[in-house]
Amino acid sequence: MTQATATRPTSLKATDITIEVVYRGIFQKTLAQRITRGVVLAARQRGLPGTAFSRYGDSPERNGVPAKQFAVVAVNDIELEASMARYEPAIVDVTVAVDDTLVKGVESWAWYGRQPIWKPVRANGVVLVTSDKSPDEILAQTDKTDRPYTLGVIPGEASFAGLWVYKDDHTDWRVLGALSKVLPDWLPLDEVKAQVRTQTKDENAVASVQYGHDATTFRPVKAGEGTDAHEKLAFTKPGWTTMRTGVIVDARKPGERNPQFKRYATRTQRPVVNFDTCIKCTMCWLDCPDECFEVTGSGHFEVVYEACVGCGICAQVCPVKDCIVMVDELKFDSNKTVFPEWEKDRNTYNAWFEKTSGRSAAPPKGEKAAVAVGGDE
Ligand code: SF4
Ligand code: SF4
């Protein structure tokens, strides 16, 4: 590595900065790469060395599973090398979540248990989230913090500008604009724009950087703010002396679930079922790749939300219009099953279904009320 020739800008108080981008595996991988690469390229505009990397890039990254990429920028090569000596940055200056449902906590690759989104952020650091919601709405679903930070919301829906067919929706440029606002000494707006102009030769991309800079809204978060409603995923890791040989998956009795198999951190949306219009055809139960449906005593199928990854297959295969509706994950506070609520009081449940899903709970027009294929109704 060549030694940096740049003199350290006098405005810089720290010797390096680390930005973490939390994204959904595969779907948003290219997006995360473009953001971390964009940070490094913009920093180089002013002679600051940096590097972008992913700690899980060579692992079998899976669809939708939270993963992380990093950008580190330093005042010189020595500081950069010192920073890179760590396997994975334990403390970061800024965390960027490119999907707002990630604020419910992240169980990323190589991490045991659910980690609050602010966990690696230093005191008085920044959590940036792309979302069409307000900072207060985001905070209502973010774990209670034990140190202060600033929450920034970059306007925009969850982006799936990833995969191998990259369709740029300018989330990358808006995020870079927001980063220039929170780190003006390291990523001055003009230099970020100059870099994006050189890279893209597209004035719309440059305008998106400016928009991200101007339109991002901020809210200071004090220690103790946030929710404690999310389930704590507490389990003890086996030590090397207690670990069993090889990979052993215990057999389960019929009807019994593996208590450790919880994949809800993967979810951006969750299925909500209209039990009144369900015809008990079994399609959801058969086609769910994660076996999330349980058969109830009445022959309906209820979702076990702890196991559901939110893939949406059940909603696609269900033959009844709006019987299973995929709903924004941030509308929910817990993974509690809702079927008992329907059994207790159908009218109240149906009113909740309509409010939550935005769809009518009445049978689809032109069709009679649900015809029970199985069960006894
Ligand atoms: S969205 Fe439906 S099909 Fe997909 S994991 Fe959840 S319950 Fe199963
Ligand atoms: S009608 Fe829909 S919800 Fe009911 S069993 Fe069939 S697929 Fe599942």
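The values are calculated or read from the model by the stated rules, or taken from the named source; none is laboratory data. Nothing here was measured: the structure is a model prediction, and the numbers come from that model. Note: ideal-geometry Cβ built from the backbone for every residue, glycine included; neighbour counts use all protein chains shown. Remember, those area values only see protein heavy atoms, side chains included, never the ligands or the DNA or RNA. Shrake-Rupley method; radii C 1.70, N 1.55, O 1.52, S 1.80 Å.
Note on the chain: GNM, Cα springs under 10 Å; of E329, E354, E306, the largest mean-square fluctuation is that of E354. About the centre of its Cα atoms, the chain shows a dipole size close to 580 debye [charges on the beta carbon of Lys, Arg (+1) and Asp, Glu (-1) only; nearest 20 debye]. Per residue, the chain exposes 49 Å² of solvent-accessible protein surface, assessed with a 1.4 angstrom probe and all protein chains in place. In whole Å, what is the distance between the alpha-carbon centres of region 113-181 and region 326-359? What the calculation gives is 27 Å, centre to centre. Size of the chain: Rg and Dmax of its alpha carbons, in Å, are 23.3, 79. When +1 charges are put on Lys and Arg Cβ atoms and -1 charges on Asp and Glu Cβ atoms, the dipole computed for region 16-221 relative to its Cα centre reaches about 220 debye.
Entry note, the chain: the mean residue ellipticity at 222 nm calculated from DSSP H runs of n ≥ 4, each adding -39500 (n - 2.57), is -7000 deg cm²/dmol after division by the residues and rounding to the nearest 500. Distance between the C-alpha centers of region 267-296 and region 197-214? Whole Å please. After rounding, the separation between the Cα centres reads 43 Å.
Of all accessible surface on region 16-221 at a 1.4 Å probe, what whole percent is carbon and sulfur?
Here it works out to 52 percent.
Counting only aspartates and glutamates at least 8 places from K201 when in the same chain, those with an alpha carbon closer than 19 Å to its own are D168, D169, D172, D190, E191.
If you look at the Cα atoms of region 16-221, you get an Rg and a Dmax of 15.5, 44 Å. Exceedance of the 23 Å cut-off in Cα-Cα distance is limited, within the set K144/K336; K336/K365; K68/K262; K262/K344; K104/K331, to K336/K365; K262/K344.
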